[in-house]
Amino acid sequence: MKDVINSRPGVLLATGLVLGLLLGGVCQFTFGQFALEAQARETPQPKALELRSPQTEANSVEGRLPDQAHVMADVGYHFANLWFAADKQNWPLANYYLGETRSHLKWAVRIHPVRKTSAGTDVDLNGILEAVDNSFLAEVGNAITNKDAEKFKIAYHETLQGCYACHTACEKPFLRPQVPTAPGVSILNFDPNATGPK
């Protein structure tokens, strides 16, 4: 009985400590919220025009995206693999690489839709891409759909000419595309009859 009486102050002390911590936390949370709300009311809000003002490149989306040259390297990768897929008559793989080529070309144009020449003339890359996509790349797609290797080769060569015309219009005639001599990837098996990894 004496132990129960002696433990009563300890229990009361522990209970008081727990209640104190709980109440302290609630008060801190409540008063902290009031402080945050008061600070938010005191902080001047930007005007609508300020929200649309240009940011520094490091903070803008443009500063975080790859540049057009990086995306065009991806285009080259996909377009080279397209050649080897069609050469092996792996038409599903060729169709995949055609889709990737088109997708990355659109991405490249979204990054930089207009180029300025040294004479100050605008080169509308959107218009050029639309023309290339609706003519040359459409013919490549038709050859893939029809599984026609000869028409594919012709359409591929014509597409290379269209690519070079764009490079020349952008004052980059030194970027001369050619029929690839090796695939851009060595880990893929281009054989349409392959059943799995070797």
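The values are calculated or read from the model by the stated rules, or taken from the named source; none is laboratory data. None of these values were measured; they are calculated from a predicted model. For neighbour counting, all protein chains shown are included, and Cβ atoms are generated from backbone atoms with ideal geometry for every residue, glycine included. The area values use the complete protein model at the heavy-atom level, side chains included, leaving out ligands, DNA and RNA. Shrake-Rupley method; radii C 1.70, N 1.55, O 1.52, S 1.80 Å.
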Inset, instruction - Within the range 124-162, track down each residue that is within 25 Å of the chain's Cα centre (by Cα) and outside any helix (DSSP H, G or I). - result: Asp124
Inset, instruction - Please indicate, with yes or no, whether at least one residue in the range 76-95 is without any contact (Cβ under 8 Å) to a residue 24 or more places away in the chain, part of a helix (DSSP H, G or I), out of contact with any strand residue (DSSP E or B) (no Cβ under 8 Å at 6 or more places or on another chain) and open to solvent by 60 Å² or more (accessible area, probe 1.4 Å). - result: no
Inset, instruction - Just need a number here: residues in the range 163-189 that are in a helix (DSSP H, G or I) and either buried (at least 17 other Cβ atoms within 10 Å of the Cβ) or more than 27 Å from the chain's Cα centre (by Cα) (or both). - result: 2
Legend entry - Given (1) within 18 Å of Tyr96 (Cβ to Cβ); (2) free of Cβ contacts under 8 Å to residues at least 12 places away in the same chain; (3) under 25 Å from the mean Cα position of the chain (by Cα), number of the condition Asn193 does not satisfy: (3)
Inset, instruction - Could you grab me the full set of residues in the range 149-162 that are crowded, with 16+ Cβ neighbours inside 10 Å and of a type in the set (S, T, N, Q)? - result: Thr159
Inset, instruction - Report the residue count in the range 123-144 for those that are open to solvent by 90 Å² or more (accessible area, probe 1.4 Å) and free of Cβ contacts under 8 Å to residues at least 12 places away in the same chain. - result: 2
Inset, instruction - Enumerate the pairs (first residue in the range 162-184 and of a type in the set (Lys, Arg); second residue anywhere and part of a helix (DSSP H, G or I)) with beta-carbon separation below 8 Å, excluding pairs fewer than 6 apart on the same chain, so at least 6 apart or on different chains. - result: Arg176/Tyr164; Arg176/His167
